[in-house]
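Report on the structure given below.
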Amino acid sequence: MIRGKKGDVGGDDSVLPMVMYIILNIVAFSVVGLWVNDAATGGFVYEQAYSKQIALLIDSAKPGQEIVLNFSEGFEVAEDNDFALEKTLRFDQENNRVFVQFLENRGHSYSYFNSLPLSSKREGDLWTIRVGGENDS
Amino acid sequence: MIRKRGTAKVFSAWWVLMIVFVIGGVVGGVTMFYSAEVDVRTLEAKIITDKVERCFFGQGKLNDFVLEESFDFFSDCNFEEELFGDGENYFVRVSLFVDEEEIGDFSYGRVSFERSCEIQEGSSEEEGVTGENLAKCYGKEVKFHYDGGTGTADILAASNQRGRRSQDVLQE
C-alpha cells in the first residue's frame, strides 16, 4: 500500500475537459489572429502611407507633371467600409494639405510645400494628380 | 488501499492569467507597430534641397535671376511661403561662394532648425546628438560656374513635420 498519493478518488478518465481546453485556446487565438489581420490590412496603415507618399511626390514634382497613383488597396478598404471612392483623396489648397481617408470621420493628412496649383481625377483604381496649371510645363 | 489517480487541472486561474498576458502582449505589440508614424522628414529635407538646386542652377551655372533684386524665393522656386514662417516645420538656407567670397545668402523658415542641424552633426571635438523631436536635416554642396569662375553653394534644409491623424477631416 502506498500512502500519500494525490488525486481524486477513482480518478477521472474523461477527455472532455482537455477537449474544451483545446477548443477555447483555438477560439481565443483565432480571435486575436483575426484582429491582427484586420489591423494589418485596415485603413490607418494605408492612410498614413498614401498621404505622405503623395505629399512628397507633389513636393518633388516639376510644373506640369502628372502623378498617377494606384489606390487599389485603399479602395478595397473604402469599399469594405462603404466609403465613397471620390472622397478618398482631397486637397486643402489654401493650407497646402493632402487628406487621405478610407473610413468615415478619420483619415491622415500631410503638408506639402509646393505652391503650384493641383488638380486631381479618379479613373478606376488610379488617382491622377496634375501639378501646376494647364499652361505649366 | 485506495486507488488514486492524479489528474491535471486543465482550467485554472494560471491558465486564464497566461492567456491574458499572451493576448495582451500580442494586441499591445501590434497596436504599437501599426500606429507608429513613418518618419519621412529626412526625405522631405532632401526634396527641399533638390528643389532649391533645380531653381538656383541650370546646366551647371547659377541662374541670373537669383542675384537680382527682384528675386522672390517663394514665387520663383514654387515654395509655399506660409509654410516657411518662423514657427513652421521647415527651414532652408543657401549660401553662395565664389573664390571663397560670399556672393549670396538666403535663409527661410524656422531659424532654430539650423542649430538643431549643427547639434546633430556635431564637430571634430564632440559627437553629434540625436533626438526624436529634433528636426531632420539634409545638406548638399553644389559646384557651379559663375562669371568665369567656379563657385560653391551650400544648401541646408530641415523638416520637422509629423503629419496628422485627422478626426475632423476635410469637410465639403
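Placing +1 on the Cβ of each Lys and Arg and -1 on the Cβ of each Asp and Glu in chain A, which of A:68, A:81, A:24 has its Cα farthest towards the positive end of the resulting dipole? Positive-most Cα among the choices belongs to A:24.
Solvent exposure of chain A, expressed per residue, is 55 Å² of accessible area, with all protein chains present and a 1.4 angstrom probe.
Note on region B:49-172: semi-axes of the ellipsoid equivalent to its C-alpha gyration tensor, largest first and rounded to whole Å, are 29, 22, 11.
Label-to-label distance for residue B:67 and residue B:150 is 1.8 nm, based on points extended 7 Å past Cα in the beta-carbon direction. Along the axis of the charge dipole computed for chain B (Cβ charges of +1 for Lys and Arg, -1 for Asp and Glu, origin at the Cα centre), the listed residues B:137, B:156, B:84 are led at the positive end by B:137.
Computed over the Cα atoms of the protein assembly as shown, the ratio of the radius of gyration to the Kirkwood radius (Rg/Rh) comes to 1.24.
In region B:37-123, taking the dipole from charged Cβ atoms about the Cα centre, the farthest positive-side position among B:58, B:122, B:104 is held by B:122. Sequence-distant contacts, meaning Cα pairs under 8 Å at least 6 residues apart, place the relative contact order of region A:59-124 at 26 percent.
For region A:58-137, GluC sites (Glu not before Pro) are listed when DSSP marks them as loop and at most 16 other Cβ atoms sit within 10 Å of their Cβ; the list is A:94, A:104, A:134. Plainly put, region A:38-93 has a radius of gyration that is 1.01 times its Kirkwood radius, both from alpha-carbon atoms, as the Rg/Rh ratio.
With a Förster radius of 22 Å applied to the C-beta separation of residue B:102 and residue B:75, the computed FRET efficiency comes to 0.35. Roughly what percent of Cα-Cα pairs across chain A reach past 23 Å? Value for chain A (Cα pairs over 23 Å): 52 percent.
Normalised by the number of residues in chain A, the mean separation of alpha-carbon contacts (under 8 Å, six or more apart) gives a relative contact order of 26 percent.
Considering helices alone, the calculated mean residue ellipticity of chain A at 222 nm is -13000 deg cm²/dmol, with DSSP H runs of length four and up weighted by -39500 (n - 2.57) and normalised per residue. Taking GluC sites (Glu not before Pro) across region B:49-93, the ones in a DSSP loop with at most 16 further Cβ atoms lying within 10 angstrom of their Cβ are B:68, B:69. A Cβ-based charge dipole, computed about the Cα centre of region B:69-144 with Lys and Arg at +1 and Asp and Glu at -1, lands at about 320 debye. Among the GluC sites (Glu not before Pro) found in region B:92-135, those both in a DSSP coil and sparsely packed, with 16 or fewer other Cβ atoms within 10 Å of their Cβ, are B:100, B:125, B:126, B:127, B:132. Taking one quarter of the surface of the convex hull spanned by the alpha-carbon atoms of region B:1-117 gives a direction-averaged projected area of 15.5 nm².
Taken about its Cα centre, the protein assembly as shown carries a charge dipole of roughly 3120 debye when the Cβ of each Lys and Arg holds +1 and the Cβ of each Asp and Glu holds -1.
Helix B:13-34 and the long axis of chain B differ in direction by around 10°, with both axes built from C-alpha atoms.
Evaluate the relative contact order of region B:61-130 (contact order divided by residue number), counting alpha-carbon pairs under 8 angstrom at least 6 apart; express in whole percent.
Relative contact order here is 21 percent.
Label sites at residue A:26 and residue B:37, each approximated as a point 7 angstrom past Cα along Cα to Cβ, lie 4.4 nm apart. Express in whole angstrom the spacing between the alpha-carbon centres of region A:43-112 and region B:58-126. Comparing the Cα centres of region A:43-112 and region B:58-126, I get a distance of 30 Å.
Here r is the Cβ-Cβ distance between residue A:123 and residue A:82 and R0 is 25 Å; the resulting FRET efficiency, rounded to 0.05, is 0.70.
Treat every Asp and Glu Cβ in chain B as -1 and every Lys and Arg Cβ as +1, leave all other atoms uncharged, and give the resulting dipole magnitude about the Cα centre to the nearest 20 debye.
Dipole magnitude for chain B comes out near 2780 debye.
The values are calculated or read from the model by the stated rules, or taken from the named source; none is laboratory data. No experiment lies behind these values; they were computed from the predicted model shown. Because the Cβ atoms are built from the backbone with ideal geometry, glycine has one as well, and the counts that use them run over all protein chains shown. All accessible areas refer to the heavy atoms of the entire protein, side chains included, with ligands and DNA or RNA removed. Shrake-Rupley method; radii C 1.70, N 1.55, O 1.52, S 1.80 Å.
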